[in-house]
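The values are calculated or read from the model by the stated rules, or taken from the named source; none is laboratory data. This is a predicted model, so every value here is computed, not measured. When we count neighbours, we look across all protein chains shown, and the Cβ atoms used for this are built from the backbone with ideal geometry, even at glycine. Accessible surface areas use protein heavy atoms only, side chains included; no ligands, DNA or RNA. Shrake-Rupley method; radii C 1.70, N 1.55, O 1.52, S 1.80 Å.
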Amino acid sequence: MPHRNILVLYSNGRLLPANVEGDRALADVFATRTDLSVRLSSEFLDSPRFWGDAYQRAMAEFLREKYAAAPPEVILAGGKEALDFWLRHREAIFPGVPIVHVGIEKEWLEQRQPLPADVVGIPVDHQVLGTIEQALRWHASARRVVLVTDSTPWGREWARHLRAATAQLDERFAIEFLVDLPTDALLQRLRDLPADAIVFTPGLFVDGNERDVQPRELARLIAAHSTAPVYSPFSTHVGTGIVGGRMTTFDAMGRRGAEIVLALLEGASPASLALPAVMPTTLHVDWRQLQRWGIDSRALPDDTVVQFRTPSFWQSNGHWVLVAGAVVLLQAGFIAALLLERRRRRGTADALMQSEQHIGLAARAAGLSLWVLDLGHRRMARRDDARGRVVAPDALLDFSGTFEHVLAADRDRVEETIRAALASGEEFDVEYRVVGTDGTMRWQSARGRADHGAGHGQRLLGVVSDITQRKRDAAEAAQAHAALQHMTRVALLGQLSASIAHQLNQPLASILSNAEAAQKVLQREPLDLAELRDICADIVADDQRAAEVIRHLCALFRRSPPSLAPLDINELVRDTVELTRTNLLMHQVVLATTLVPDLPPLEGDRVQLQQMLLNLIVNAADAMYALPEAERVMTISSAVEAGSIKVCVSDRGPGVPAESMGKLFEPFWSTKVDGMGIGLAVCRLIVAAHHGSLDVENARDGGAVFCVRLPALATP
């Protein structure tokens, strides 16, 4: 799926809350379009800190060079400074690319008319007068409106806008501007305000000491120190201590901008878009500030967005009421249960007997022996194995002689495990070796727990099973696996060496004989140039034949198409993990698998894919050899991604050096001191034969991640 490149240029800095909120909204909308691969790039003008013609030219050159290889299909301008930049420099950077603007005041856009036909967007109207009039209705005694801005171009624009808006107020209200004051002086003026004042501020970027500040943080300080209620036109200021204001959220601006961009990507012309004249505004308030300034919530308009509302009694305590009701109901049920207890006892006894019978049958079917060891009375109940024979009746007579048949090397470990289980009350699971009466050694596994029930003293309840065959199978599998790996690597290198020697022997011998003949011809007088030309032609022909041999060998190294059949990748991973379990135990590597269930099948050669997974798992284990044992963790995961099945093997080793990334899959190149450089090359050949890909990247928290992507079979 080709990428659809979108470039967003914000007027201000990266960390401005408005930009963060708008950028998140853009990404959320684009993420819903799984049918499009939208690549979103964001840049920032950092206004008002940086501006001027020289800065704009440098920025234009930077953007042109940065995105020359992947130019945007649509440009999104966040703020009037960004749109002004594009109107000046677009044709020199990305000529003809349509522009979508967001967050730009309607009045400013009207002054720039007419805009190019391919520059579209929805203006905003901050409704300053509406906010101030609403505040004056709530604070009926107010007679003074205090407006706080800075002296940056942005602040001067706001001051002009505020003067025009407040000029429409009744003459009863005095208007006062606090502009370009040092922060300390500004806060002192706000602390000295009379009781009949209200404050309106869009925030400041620079205070009177030319110190850079964030508008949201200045709004927080202003609200904290002001003796009058504070209002603002920006949704990002709600929660800082302001009462609120009529505003359009930056989330809504970002979402509408993303919708316009998607319409353009789908082929709509800018002129065909039916866009509203202005973004809608809504009154946003902070519930806590309503309470602080005595504003009656019943006076709020119906469409008001109230944030940080104090929950009602039911909202805050409803769950406790439900719990209390549940307790009452449970008590009633418990009383009813007590009344029925006598009738149930007989049925319970019968069910218990049946349960014990079922447990006995299940234990026999599973090859388990049940036992009870009473340490208080120094005796053990006799136990029968799954075939009905009494197993070692004298093996567990008391605690000190419990494991007299256990191999001496295992006895201390087993007794310590039982003592720990008695002390903690937790379950124990221990494997040990026993010596039979015929002198043979067998493996057993005991699992149980301490029983400290009333009247039982110190007892152990548990089961024991013979796991000798399982241990033998595991050891044999480990040996077979090691032999298979060794034979595969030796055979691959041996076949390659033999082929090279056999195929190149004849042309090299011919070249040698022709060269010797040429030496003799050169010693004759007179010199026979015709014969010398023939000899040189033979040498060239033999050299070309040798090159052809090498090309044939490369073609032979590309393995023939695999024997394909539908298979379950999760099942293949589990089988492969089982093959490597002993190897991982020897390397003290902990393996975690995260396999998504119900994956679609894929078509592949089971043996080749398993060999590929084995190589990746072994390499991951080797990469963690130098780590402490507690940090040796390997993860294998599976997932569905864009119609492909993705399997990743990750380790926590040192990762792949940046300079080695391009060579990692080359034959006979390895980062290991004793490595032959064949394994990963073969892995990539196997994956390529299955029409897939094998890639590697370094994880953020350390280690390397190898990911295989294979096409999934289409489901009917």
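If you scan region 192-209, which residues turn out to be surrounded by 15 or more Cβ atoms within 10 Å (Cβ to Cβ) and among the charged types (D, E, K, R)?
207
Looking at (1) more than 24 Å from residue 202 (Cα to Cα); (2) in contact with a helix residue (DSSP H, G or I) (Cβ under 6 Å, 6 or more places away or on another chain); (3) at pLDDT below 95, which is the one condition that is false for residue 100?
With respect to (1) more than 24 Å from residue 202 (Cα to Cα); (2) in contact with a helix residue (DSSP H, G or I) (Cβ under 6 Å, 6 or more places away or on another chain); (3) at pLDDT below 95, residue 100 is out only on (3).
Can you work out which of the residues in region 269-293 that are farther than 12 Å from residue 246 by Cα, outside any loop (DSSP other than H, G, I, E, B) and of a type in the set (A, V, I, L, M, F, W, C) is least open to solvent (accessible area, probe 1.4 Å)?
Ranking the qualifying residues of region 269-293, first place goes to 290.
Looking only at region 147-186, filter to residues that are within 22 Å of residue 84 (Cβ to Cβ), in contact with a strand residue (DSSP E or B) (Cβ under 7 Å, 6 or more places away or on another chain) and not in a strand (DSSP E or B); which one of those is most open to solvent (accessible area, probe 1.4 Å)?
151
Restricting to region 219-243, count the residues that are assigned to a strand (DSSP E or B) and either open to solvent by 10 Å² or more (accessible area, probe 1.4 Å) or not aromatic (Phe, Trp, Tyr) (or both).
So the count comes out to 1.
For region 257-279, indicate whether the set of residues that are in contact (Cβ under 8 Å) with a residue 40 or more places away in the chain, under 16 Å from residue 121 (Cβ atoms) and of a type in the set (D, E, K, R) is non-empty.
yes
Hey, could you check region 653-701 for residues that are part of a strand (DSSP E or B) and either modelled with pLDDT under 85 or in contact with a Leu (Cβ under 9 Å, 6 or more places away or on another chain) (or both) and say which is surrounded by the fewest Cβ atoms within 10 Å (Cβ to Cβ)?
693
Would you please list the contacts, defined by Cβ atoms under 7 Å and residues six or more apart or on different chains, that run from a residue in region 672-698 that is basic (Lys, Arg) to a residue that is at pLDDT 90 or above?
Every condition considered, the pairs that remain are 684/694.
Applying the selection to region 622-640, what residues are closer than 12 Å to residue 577 by Cβ and in a helix (DSSP H, G or I)?
none
Where in region 1-98 are there strands (runs of 3 or more DSSP E), lying fully within it, with 1 or more residues that are open to solvent by 20 Å² or more (accessible area, probe 1.4 Å)?
In region 1-98, the matching strands (runs of 3 or more DSSP E) lie at 3-10, 37-44.
Exactly one of these conditions fails for residue 576: (1) at positive phi; (2) polar (S, T, N, Q); (3) open to solvent by less than 50 Å² (accessible area, probe 1.4 Å). Give me its number.
Unmet for residue 576, out of (1) at positive phi; (2) polar (S, T, N, Q); (3) open to solvent by less than 50 Å² (accessible area, probe 1.4 Å): (1).
When you scan region 702-714, how many residues do you find that are at pLDDT below 90 and either part of a strand (DSSP E or B) or buried (at least 18 other Cβ atoms within 10 Å of the Cβ) (or both)?
0
When you go through 190, 169 one by one, which is the residue that is farther than 21 Å from residue 51 by Cβ and at pLDDT below 90?
169
Restricting attention to region 143-180, which residues are in contact (Cβ under 8 Å) with a residue 60 or more places away in the chain and touching a helix residue (DSSP H, G or I) at 6+ places or on another chain (Cβ under 7 Å)?
148
Which residue pairs have Cβ atoms closer than 6 Å, lie 6 or more positions apart in sequence or on different chains, and pair a first residue in region 198-221 that is over 30 Å from residue 140 (Cβ atoms) with a second residue that is aliphatic (A, V, I, L, M) and surrounded by 23 or more Cβ atoms within 10 Å (Cβ to Cβ)?
213/204
Which pairs have Cβ atoms under 6 Å, sit 6 or more apart or on different chains, and link a residue in region 292-309 that is touching a residue at least 12 places away in the same chain (Cβ under 8 Å) to one that is of a type in the set (Asp, Glu) and assigned to a strand (DSSP E or B)?
Note: pairs meeting the criteria are 307/286; 308/286.
Only one of 255, 216, 246, 189 is part of a strand (DSSP E or B) and open to solvent by 10 Å² or more (accessible area, probe 1.4 Å); which?
When all the criteria are applied, what remains is 246.
Mind checking which residues of region 618-634 are open to solvent by 70 Å² or more (accessible area, probe 1.4 Å) and charged (D, E, K, R)?
Selection gives 629, 631.
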